[in-house]
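Worksheet for the structure shown next.
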Amino acid sequence: MEAAAESDHKPAPGRVTWRWLLLAVVVILFDQWTKKLVVGHFELFERLPVMPFFDLVRLHNTGAAFSFLANASGWQNWFFGLTALVVSAILLWWFFQQPAGRVVVPLGLVLVLGGAIGNLVDRVAQGYVVDFVLLYYDRWSFPAFNVADAGITVGVILLLFDGFFLERRRSP
């Protein structure tokens with residue numbers, strides 16, 4: 001009887017609210033809006049220093065993270081686009097497997113989903129992704145990125161944090 005009572009208090013998988021997905025939509029819309037601003041106000045390769053370590057710049061990335069495969073002949077856009085669709089489907093499936101009441105994993109998943117779709121929109125519409133945030137120090141610079149990339153990065157960090165630290169606390 002105690003086991004049945006205990007299982008009654010555990011949220012069932014697939015009970016995560018649809019409202020979480022609104023955050024993915026916000027990431028997509030904010031990503032597209034910021035890219036539109038940059039494209040409307042900057043020429044390709046134009047830079048605007050904002051702080052001693054941060055410039056706004058307009059770059060077009062036909063590759064993936066860190067411009068991986070950017071110099072390929074064009075097939076990479078199809079590959080990365082298809083990969084984004086498959087990953088988005090997996091993320092949605094994983095999202096709907098989350099028990100109600102969870103925060104970190106659903107948040108991480110919708111951030112990655114919003115970022116993946118934000119960059120997919122660019123690939124489909126233009127054949128490249130617009131990057132515009134450039135962080136640097138002296139002669140070192142981090143590859144330029146955008147809001148979608150930031151969403152993906154923060155989302156992955158949250159998923160890793162949950163997997164390495166929070167999951168252990170939930171396991172008996």
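Miscellaneous remarks
- Within the range 89-121, the residues that satisfy the criterion of being over 15 Å from W18 (Cα atoms) and touching a helix residue (DSSP H, G or I) at 6+ places or on another chain (Cβ under 7 Å) are V104, V112, G115, A116, I117, G118, N119, L120, V121.
- Of all residues in the range 27-42, those satisfying the criterion of being out of contact with any Gly (no Cβ under 7 Å at 6 or more places or on another chain) and assigned to a helix (DSSP H, G or I) are L29, F30, W33, T34, K35, K36, L37, V38, V39, G40, H41.
- The range 76-120, subset closer than 15 Å to N61 by Cβ and aromatic (F, W, Y), residue modelled with the lowest pLDDT: F80
- Residue in the range 91-103 that is crowded, with 20+ Cβ neighbours inside 10 Å and touching a Phe, Trp or Tyr at 6+ places or on another chain (Cβ under 8 Å) present: yes
- Unique residue being under 21 Å from W33 (Cα atoms) and surrounded by fewer than 22 Cβ atoms within 10 Å (Cβ to Cβ) when the list is L134, L107, L166, L159: L134
- Looking across the range 132-147 at every residue that is over 17 Å from the mean Cα position of the chain (by Cα) and of a type outside the set (D, E, K, R), the one that is nearest to H41 (Cα to Cα) is identified as L134.
- Among the residues making up the range 120-145, those that are in a helix (DSSP H, G or I) and without any contact (Cβ under 8 Å) to a residue 60 or more places away in the chain are L120, R123, V124, A125.
- Members of the range 34-57 found to be among the hydrophobic types (A, V, I, L, M, F, W, C) and surrounded by fewer than 11 Cβ atoms within 10 Å (Cβ to Cβ), listed by number: L44, F45, M51
- Count - residues of the range 110-131 that are more than 11 Å from the chain's Cα centre (by Cα) and either among the small types (G, A, S) or within 14 Å of W33 (Cα to Cα) (or both): 7
The values are calculated or read from the model by the stated rules, or taken from the named source; none is laboratory data. Keep in mind that what you see is a predicted model, and the values were worked out from it rather than measured. Cβ: placed from backbone, ideal geometry, glycine included. Neighbour counts: every protein chain shown.
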